[in-house]
Amino acid sequence: DIVHGQTVPLSDHAEKTADLTGMRILLAEDNELNLEIARYYLEEAGARLTIARNGEEAVSAFLHSLEGSFDLILMDIMMPVMDGLAASRAIRASGRKDSSVPIIAMTANAFEEDRQSSLAAGMNDHLTKPLNAEKFLATVAKYRFSKNSYGSG
């Protein structure tokens with residue numbers, strides 16, 4: 001939640017509902033402001049981040065990490081070089097044991113067909129921008145303890 005260019009501190013409720021301490025997240029976002037907002041919320045909640053600025057960087061970061069390095073991927077849909085849908089499909093098709101890592105779409109596109117496109121590309125969830133701190137953190141927190149078959153986390 002942004003007010004005149006200032007980030008609003010997380011409410012006590014948001015902080016309590018979303019303890020992401022130690023959660024390892026790959027954050028793929030090309031827009032600097034959106035990246036900083038998401039980074040702020042996630043780091044305040046205790047997450048450890050790896051940043052990618054387009055879909056190709058996200059796929060590369062995933063493929064060049066040890067299996068099980070990420071607990072979650074937050075994927076912007078509209079990015080240069082490779083969009084978030086293509087990046088998600090590439091991660092799902094990688095053949096790695098951890099290719100089932102939860103992926104959450106982040107997009108300004110709020111229509112049901114956009115949500116369906118995200119799910120069809122293999123994403124687990126769909127968040128709309130601008131990000132609402134409590135909804136954003138609650139959605140990420142849902143996946144905190146979801147252990148995938150690769151089980152390192």
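A compact globular protein would have a Cα radius of gyration near 2.2 N^0.38 Å; the ratio found for segment 30-96 is 1.10. Which translational diffusion coefficient, to the nearest whole µm²/s, is obtained for segment 9-131 from the Stokes-Einstein equation, given a Kirkwood hydrodynamic radius over C-alpha pairs, 37 °C and 0.692 mPa s? My calculation gives 227 µm²/s for D. Projecting label points 7 angstrom from Cα along Cα→Cβ for Ala93 and Ser60 puts them 2.0 nm apart. Ignoring aspartates and glutamates fewer than eight residues from Lys97 along the same chain, the ones with Cα atoms less than 14 angstrom from its Cα are Glu67, Asp71. Per-residue 3J(HN,Hα) values for segment 52-60, derived from phi via the Karplus relation 6.51 cos²θ - 1.76 cosθ + 1.60 with θ = phi - 60°, read 10, 9, 7, x, 5, 4, 5, 4, 4 Hz in sequence order (x marks Gly and Pro).
Computed about its Cα centre, the charge dipole of segment 56-132 is approximately 160 debye, with only Lys, Arg, Asp and Glu carrying charge at their Cβ. Size of segment 64-153 from its Cα atoms: along the principal axes, largest to smallest, the extents are 34, 29, 20 Å.
Read-outs throughout are calculated quantities, based only on the coordinates presented, and are distinct from any laboratory measurement. Since this is a predicted model, take the numbers as computed values, not measurements. Backbone-built Cβ (ideal geometry, glycine too); neighbour counts: all protein chains shown.
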